[in-house]
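Worksheet: the structure to be examined is printed underneath.
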Ligand SMILES: [Zn+2]
């Protein structure tokens, strides 16, 4: 189980921007890793966004072996995973980032597939 994850600063800033753009809705995406660093986001299709929950389905996962995690925003100041989030995390494996309102660097929290905390390390 991973205890930390590395993410490129540019990507992190872009994710914060997406979270703000989609607010008050959630956005959801998949994270691609290169050499152990999250470098890219693939935004999930718009039909899968809701006001209350970003809707992930394992069967709609893109076939891409470099996808090692997911990201979604919470339009409330609470980055704790919901029951549905935890269910999804456990099916997917990898690392899962939640960005809570107000979408700043401090509102980013990562979780493992077991729902345990994962430290986010920003790579410049
Ligand atoms: Zn959630």
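Taking N as the number of residues in segment 4-123, what is its alpha-carbon radius of gyration divided by 2.2 N^0.38 Å?
Cα-based Rg divided by the globular estimate yields 0.93.
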>> Please rank 90, 107, 73, fewest neighbouring Cβ atoms within 10 Å first, as an exposure proxy.
In response: 90, 107, 73
> log10 I(q)/I(0), Debye, Cα-only segment 76-124, no solvent, q = 0.14 Å⁻¹?
Replying inline: -0.33
> Taking the Cβ-Cβ separation of residue 34 and residue 83 as r and a Förster radius of 25 Å, what is the calculated FRET efficiency to the nearest 0.05?
Replying inline: 0.20
> Would you list 68, 91 from fewest to most Cβ contacts within 10 Å?
Replying inline: 91, 68
> Can you sort 8, 34 so the residue with the fewest Cβ neighbours within 10 Å comes first?
Replying inline: 34, 8
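Read-outs throughout are calculated quantities, based only on the coordinates presented, and are distinct from any laboratory measurement. This one's a predicted model, so the numbers in the text were calculated from it and none came from an experiment. Glycine also receives a Cβ, built like all others from the backbone with ideal geometry; neighbour counts cover every protein chain displayed.
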